[in-house]
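Input: a single structure, listed below in structure tokens.
The values are calculated or read from the model by the stated rules, or taken from the named source; none is laboratory data. Computed from a predicted structure; not experimentally measured. All Cβ positions, glycine included, derive from the backbone under ideal geometry; neighbour counts span all protein chains shown.
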Amino acid sequence: MFAEPDRFDLGRDTTAKISFGSGRHYCIGAHLARLEARVALEELAARTGGYDIDEAGARRVNSPYARGFAELPTTITRGAG
């Protein structure tokens, strides 16, 4: 996963996505989790008219252990059906 994983390096590039682990510690449920997320998002997209994200109101997680948003204000518009 990382070059020289046993060396302490504060400047290491940590942008790799390792949500489900790697190697022999890879999450056994990763494929199911991705499939469930894809189906849920496809169904949501099919039933809505669109969405708007308030980028000014977005707040990132401030943690060395997690990436993403603590808050991501989103407005979803109702679809036609």
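Determine which single condition PHE20 fails, assuming it passes every other condition in (1) of a type outside the set (S, T, N, Q); (2) part of a helix (DSSP H, G or I); (3) touching a helix residue (DSSP H, G or I) at 6+ places or on another chain (Cβ under 8 Å).
All conditions are met except number (2).
So which residues in the range 14-43 are at positive phi and either surrounded by 10 or more Cβ atoms within 10 Å (Cβ to Cβ) or of a type in the set (Asp, Glu) (or both)?
Once the filter is applied, which keeps residues that are at positive phi and either surrounded by 10 or more Cβ atoms within 10 Å (Cβ to Cβ) or of a type in the set (Asp, Glu) (or both), the range 14-43 yields only GLY21.
Which one is nearest to PHE20 (Cα to Cα) among residues in the range 45-69 that are assigned to a helix (DSSP H, G or I) and more than 17 Å from the chain's Cα centre (by Cα)?
Looking at residues that are assigned to a helix (DSSP H, G or I) and more than 17 Å from the chain's Cα centre (by Cα), I get ALA45.
Look at the range 30-44 and say how many of its residues are over 16 Å from the mean Cα position of the chain (by Cα) and either of a type in the set (A, V, I, L, M, F, W, C) or assigned to a loop (DSSP other than H, G, I, E, B) (or both).
So the count comes out to 1.
Being loosely packed, with under 10 Cβ neighbours inside 10 Å and either more than 30 Å from THR14 (Cα to Cα) or modelled with pLDDT under 90 (or both) is the filter here, so list the residues in the range 49-81 that pass it.
ASN62, SER63, PRO64, TYR65, GLY68, THR75, THR77, ARG78, ALA80, GLY81, listed by residue number.
Quick test for you: out of ALA33, ALA40, ALA3, pick the one residue that is among the aliphatic types (A, V, I, L, M), out of contact with any Asp or Glu (no Cβ under 7 Å at 6 or more places or on another chain) and modelled with pLDDT under 85.
That would be ALA3, the only listed residue that is among the aliphatic types (A, V, I, L, M), out of contact with any Asp or Glu (no Cβ under 7 Å at 6 or more places or on another chain) and modelled with pLDDT under 85.
With respect to ALA46, determine if the residue is exposed (fewer than 10 other Cβ atoms within 10 Å of the Cβ) and out of contact with any strand residue (DSSP E or B) (no Cβ under 6 Å at 6 or more places or on another chain).
Here the answer is yes, as ALA46 does meet what is asked.
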